[in-house]
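**Student:** Once you've had a glance at the structure underneath, I'll fire off some questions.
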Amino acid sequence: MSDSYRDGTPTPTPIEREPFRERLAAERAGTVAQIAALSRDFDAIVEANAMVAIDDEHDPEGSSTAFERAHVASLLGQAREHLTDLDRALERLERGDYGRCETCGEPIPAERLEVRPAASTCVRCAAAGPR
């Protein structure tokens, strides 16, 4: 691990990194729990649909089970992607790169890291990149 970033700013010490590690770990635990819950929901939708021969395209009760299944699958995909982002953030923290934009190398504002602890880019670079 280096003693400073490219611009000469000292990298955080292990003690200074601990609050970030705790925040990322808490966010990761919540995301793992969310993935488990969404997986149960998805499995229940698939199981319920398999047990009943329903014409869900013409269901007068509202949204189709196909829509519900697709919606939960989308949420599950987003949660898994967020988990990957959190794991990458923890790796950056261990390397001493956490809190620095992967694009320009400038510090990521603490406010952004508070809202998006897995952020890997500063606001300027995030706004300039593809959505």
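**Student:** Not counting ligands, DNA or RNA, and with a 1.4 Å probe, what is E16's accessible surface area in Å² rounded to the nearest 10?
**Tutor:** 100
**Student:** Follow-up. Taking R0 as 22 Å, what's the FRET efficiency between A70 and S39 from their Cβ-Cβ distance, rounded to 0.05?
**Tutor:** 0.90
The values are calculated or read from the model by the stated rules, or taken from the named source; none is laboratory data. Keep in mind the model is a prediction, meaning the values are calculated, not measured. Quick reminder, even Gly has a Cβ in these numbers, built from the backbone with ideal geometry, and neighbours come from all protein chains shown. We work out accessible area using only protein heavy atoms, side chains counted, and drop any ligands, DNA or RNA first. Shrake-Rupley method; radii C 1.70, N 1.55, O 1.52, S 1.80 Å.
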